[in-house]
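> One structure, as structure tokens, below. Some questions next.
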Amino acid sequence: MNCLLLNCRGANKPNFRRSFRYNLKKWKTDILALFETHAGGDRAGRICQGLGFAKLFRVDAIGQSGGLWLLRREEIGEVSVVSSAEQYIHVEIEKDGETMNLIVVYAAPTVSRRSGLWEQGTAEGCYTKCGGTAHSGR
């Protein structure tokens, strides 16, 4: 399974879809996580459809800030969203009797925006479910 994670700094940019489709042809990608999309609502839906993935889950941007998209191909298996918030998406992927947890996290560059991120993930069970130990890294 190939995953591509990218801080796209705005999916509303005119060249985003064209240049991104080129990269997707170059690298076989099963799961695509985009951070800082700066897009939400109907506009985000249209952009996601144009990228050619069968399934998606979005945490829309608030104004021109944030935005997380997790797009995937159907062949990767059954995907369930365990939890999500402004800065992360946690999914469980099951295929052929095996289960994998995937957590994509965008830790905002400003302390005020990312404060509480690790505590929130711990409360949701993100880290313990993946077999890890939650700590702040400080």
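> Roughly how many nanometres apart are two label points built 7 Å out from the Cα toward the Cβ at Thr99 and Val81?
2.0 nm
> To continue, here is another question. Under a plain spin-label model, where a point goes 7 Å from the Cα along Cα-to-Cβ, how far apart in nm are Trp27 and Thr110?
About 2.9 nm separates the two model spin labels.
> Can you sort Glu92, Glu98 by how many other beta carbons sit within 10 Å, fewest first?
Glu98, Glu92
> Taking the Cα centre of region 17-70 as the origin, how large is its charge dipole in debye, to the nearest 20, when only Lys and Arg (+1) and Asp and Glu (-1) carry charge on their Cβ atoms?
Using Cβ point charges on Lys, Arg, Asp and Glu, region 17-70 gives about 380 debye.
> Using a 7 Å offset from the Cα along the Cα-to-Cβ direction at both Glu92 and Ala54, what is the distance between the two label points in nm, to one decimal?
With each label point 7 Å from Cα toward Cβ, the separation is 2.1 nm.
> Shape call for region 26-110 from the C-alpha gyration tensor, a ≥ b ≥ c root eigenvalues: rounded (a/c under 1.5), prolate (a/b greater than b/c) or oblate?
It is oblate, given that a/c is not under 1.5 and a/b is not larger than b/c.
> Using Cβ contacts closer than 10 Å as the measure, can you line up Leu102, Leu32, Leu24 from fewest to most?
Ordered by Cβ neighbours within 10 Å, fewest first: Leu24, Leu102, Leu32.
> Using a 10 Å cut-off around each Cβ, can you sort Thr99, Thr37, Thr110, Thr29 from fewest to most neighbouring Cβ atoms?
Numbers: Thr99 11, Thr37 27, Thr110 8, Thr29 19.
By the 10 Å Cβ count, ascending, the order reads Thr110, Thr99, Thr29, Thr37.
Readers should treat all values here as calculations from the given coordinates under stated rules, not as data from a laboratory. Owing to the predicted nature of the structure, the values given are computational and were not obtained by experimental measurement. Backbone-built Cβ (ideal geometry, glycine too); neighbour counts: all protein chains shown.
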